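*Asks:* Let me begin by handing over the structure; questions about it come next.
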Amino acid sequence: EKLVRVMRELQARRQASNVFAGKHGFITPRDLFRWAERRAVGYERLAEDGALLLGERLRSAGEREVVIEVLNKVLKVKVDREAVLTRDGDAPKRLLDRVQAEQVALLEKSRGVGWMDGDDDDDQQKQQQQQQQQQQ
């Protein structure tokens with residue numbers, strides 16, 4: 001029941017603000033089932049699992065904060081994102097930091113990359129043939 005209330009609240013917030021794209025925005029029925037499969041004991045652990053599952057797949061800190069606000073409101077707990085990320089040592093936080101760094105590096109690397117026509121291969125072959133003829 002609480003999971004469905006969280007889902008409805010997140011969907012209502014998405015509809016109220018057109019900032020979040022996508023059909024379901026914050027949460028999908030699949031997310032709801034994945035969250036339920038974790039079989040958390042207690043509302044605090046349920047909220048922490050929700051913060052990890054729902055919040056960490058979002059791109060902006062603002063969107064993650066909205067998820068945590070809803071979890072706190074519906075489940076009547078206080079989720080501390082940093083504490084959740086470091087609960088099992090700093091492994092989850094290190095993993096998140098590494099993935100974010102890889103994403104930034106990939107974005108930086110992809111700047112200036114353009115699409116090539118299929119004809120470019122033919123042009124390269126022609127250039128190579130011309131160079132070979134000139135050398136002879």
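*Asks:* Mind checking which lysines have their Cα closer than 23 Å to the Cα of residue 93? Skip sequence neighbours fewer than 8 apart in that chain.
*Replies:* Cα-Cα hits under 23 Å: 78.
*Asks:* At a Förster distance of 35 Å, what's the computed FRET efficiency of residue 86 paired with residue 111, Cβ-Cβ distance as r, to 0.05?
*Replies:* Working: r = 33 Å, r/R0 = 0.94.
Calculated transfer efficiency: 0.60.
*Asks:* How far, in nm, would the chain grow between residue 103 and residue 125 when pulled straight, counting 0.36 nm per residue and subtracting the alpha carbon separation?
*Replies:* 4.4 nm
*Asks:* Along the Cα→Cβ direction, 7 angstrom out, place labels at residue 38 and residue 76. What is the inter-label distance in nm?
*Replies:* 2.1 nm
Bear in mind these aren't lab numbers, they're just calculated from the coordinates by the rules spelled out. Because the structure is predicted, anything quoted here is derived from the model rather than measured. For neighbour counting, all protein chains shown are included, and Cβ atoms are generated from backbone atoms with ideal geometry for every residue, glycine included.
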